[in-house]
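Some notes on the structure that comes next.
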Amino acid sequence: VNAPANAKRIENHLRKRLTEIEEVVAVHGKGCLIGIEFSSEAKAYHAKLLENKIITGTSSVPNILRLLPPLCVKEEEIDSLIEVLS
(Lines give C-alpha, C1' and ligand atoms only; values in the text may rest on other atoms or scores of the structure.)
Protein backbone atom coordinates (compact mmCIF):
# COMPACT_ATOMS: atom_id res chain seq x y z
CA VAL A 1 0.00 0.00 0.00
CA ASN A 2 1.33 3.42 -1.00
CA ALA A 3 0.62 5.20 2.31
CA PRO A 4 0.59 8.84 1.07
CA ALA A 5 -1.65 8.00 -1.90
CA ASN A 6 -3.97 5.98 0.33
CA ALA A 7 -4.17 8.84 2.85
CA LYS A 8 -5.30 11.22 0.09
CA ARG A 9 -7.82 8.69 -1.26
CA ILE A 10 -9.19 8.06 2.24
CA GLU A 11 -9.41 11.81 2.92
CA ASN A 12 -11.49 12.33 -0.23
CA HIS A 13 -13.76 9.39 0.59
CA LEU A 14 -14.20 10.53 4.20
CA ARG A 15 -14.99 14.13 3.25
CA LYS A 16 -17.53 12.94 0.67
CA ARG A 17 -19.24 10.56 3.11
CA LEU A 18 -19.32 13.10 5.96
CA THR A 19 -21.49 15.40 3.82
CA GLU A 20 -24.25 12.80 4.31
CA ILE A 21 -24.44 13.56 8.04
CA GLU A 22 -26.55 16.64 8.81
CA GLU A 23 -24.86 17.35 12.15
CA VAL A 24 -21.42 17.75 10.53
CA VAL A 25 -20.68 21.46 10.23
CA ALA A 26 -17.11 21.26 8.88
CA VAL A 27 -14.21 18.90 8.28
CA HIS A 28 -10.75 20.16 9.25
CA GLY A 29 -7.32 18.72 8.58
CA LYS A 30 -5.58 16.89 5.78
CA GLY A 31 -4.90 13.29 4.82
CA CYS A 32 -5.85 10.91 7.60
CA LEU A 33 -5.55 13.54 10.36
CA ILE A 34 -9.10 14.86 10.39
CA GLY A 35 -11.20 16.91 12.81
CA ILE A 36 -14.95 16.53 12.39
CA GLU A 37 -16.87 19.56 13.66
CA PHE A 38 -20.43 18.85 14.76
CA SER A 39 -23.29 21.28 15.42
CA SER A 40 -23.39 19.99 19.03
CA GLU A 41 -20.90 18.48 21.46
CA ALA A 42 -18.98 15.53 20.03
CA LYS A 43 -18.98 13.60 23.33
CA ALA A 44 -22.00 11.45 22.39
CA TYR A 45 -20.50 10.60 18.98
CA HIS A 46 -17.20 9.67 20.62
CA ALA A 47 -18.98 7.35 23.09
CA LYS A 48 -21.09 5.70 20.37
CA LEU A 49 -18.05 5.06 18.19
CA LEU A 50 -16.15 3.61 21.15
CA GLU A 51 -19.09 1.25 21.86
CA ASN A 52 -18.61 0.02 18.29
CA LYS A 53 -14.85 -0.46 18.78
CA ILE A 54 -13.93 2.61 16.73
CA ILE A 55 -11.34 4.69 18.57
CA THR A 56 -11.40 8.44 18.03
CA GLY A 57 -9.89 11.36 19.85
CA THR A 58 -11.46 14.27 21.62
CA SER A 59 -10.46 17.89 21.33
CA SER A 60 -10.25 20.92 23.57
CA VAL A 61 -13.06 22.22 21.34
CA PRO A 62 -16.15 20.30 22.55
CA ASN A 63 -17.74 20.08 19.08
CA ILE A 64 -14.73 18.49 17.36
CA LEU A 65 -13.95 14.80 17.11
CA ARG A 66 -10.45 13.83 16.00
CA LEU A 67 -9.65 10.97 13.65
CA LEU A 68 -6.18 9.54 13.16
CA PRO A 69 -6.63 6.20 11.42
CA PRO A 70 -3.64 4.19 10.27
CA LEU A 71 -2.39 5.09 6.79
CA CYS A 72 -3.44 1.63 5.59
CA VAL A 73 -7.12 2.18 6.51
CA LYS A 74 -9.63 0.91 3.95
CA GLU A 75 -12.72 2.62 2.54
CA GLU A 76 -14.89 -0.14 4.05
CA GLU A 77 -13.61 0.84 7.50
CA ILE A 78 -14.45 4.47 6.83
CA ASP A 79 -17.92 3.37 5.73
CA SER A 80 -18.34 1.58 9.08
CA LEU A 81 -17.48 4.82 10.88
CA ILE A 82 -20.04 6.73 8.81
CA GLU A 83 -22.68 4.06 9.49
CA VAL A 84 -22.20 4.44 13.26
CA LEU A 85 -22.22 8.26 13.05
CA SER A 86 -25.46 8.15 11.05
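Toward the positive end of the charge dipole of the chain, with +1 on the Cβ of Lys and Arg and -1 on the Cβ of Asp and Glu, the farthest Cα among I78, S59, A7 is that of A7. Listed by chain and number, the lysines whose C-alpha is less than 26 Å from the C-alpha of K43, apart from same-chain residues fewer than 8 away, are K16, K30, K53, K74. What longest range of the chain stays clear of loop-exposed GluC sites (Glu not before Pro) (DSSP non-H/G/I/E/B, at most 12 other C-beta within 10 angstrom)? After excluding every exposed loop site, the longest remaining stretch is 23-86. 3J(HN,Hα) along the stretch 22-32, derived from phi through the Karplus expression 6.51 cos²θ - 1.76 cosθ + 1.60 where θ = phi - 60°, amounts to 4, 6, 7, 8, 7, 10, 10, x, 8, x, 8 Hz, with x in place of Gly and Pro. In this Cβ point-charge picture (+1 for Lys and Arg, -1 for Asp and Glu), the chain has a dipole of about 340 debye about its Cα centre.
E23 to L71: FRET efficiency via 1/(1 + (r/R0)^6), r the Cβ-Cβ distance, R0 41 Å, to the nearest 0.05? So, using R0 = 41 Å, E works out to roughly 0.90.
In terms of its C-alpha gyration tensor, the chain has a prolate overall shape, because the principal axis ratio a/c (a ≥ b ≥ c, square roots of the eigenvalues) is not below 1.5 and a/b outweighs b/c.
Hey, with R₀ at 30 Å, roughly what FRET efficiency would H13 and K53 work out to, going by the Cβ-Cβ distance, to 0.05? Efficiency, from the Cβ-Cβ distance: 0.90.
Carbon and sulfur: what percent of the stretch 18-86's accessible surface (1.4 Å probe)? Looking at the stretch 18-86 in its full context, I get 55 percent from C and S.
Taking the chain as a Gaussian network of alpha-carbon nodes connected by springs under 10 Å, the highest mean-square fluctuation of the residues V27, V61, V73 belongs to V61.
You can think of it this way: the chain between S86 and S40 has 15.1 nm of extra reach, that is 0.36 nm per residue less the Cα-Cα gap. Per residue, the accessible area of the stretch 8-61 comes to 63 Å² when a 1.4 Å probe rolls over the protein heavy atoms.
The values are calculated or read from the model by the stated rules, or taken from the named source; none is laboratory data. For clarity, every value in this text was computed on a predicted model and none was experimentally measured. As a convention, Cβ positions derive from the backbone with ideal geometry for all residues, glycine included, and neighbour counts pool all protein chains shown. When the accessible area is computed, the model is the full protein with side chains, heavy atoms only, and any ligands, DNA or RNA have been set aside. Shrake-Rupley method; radii C 1.70, N 1.55, O 1.52, S 1.80 Å.
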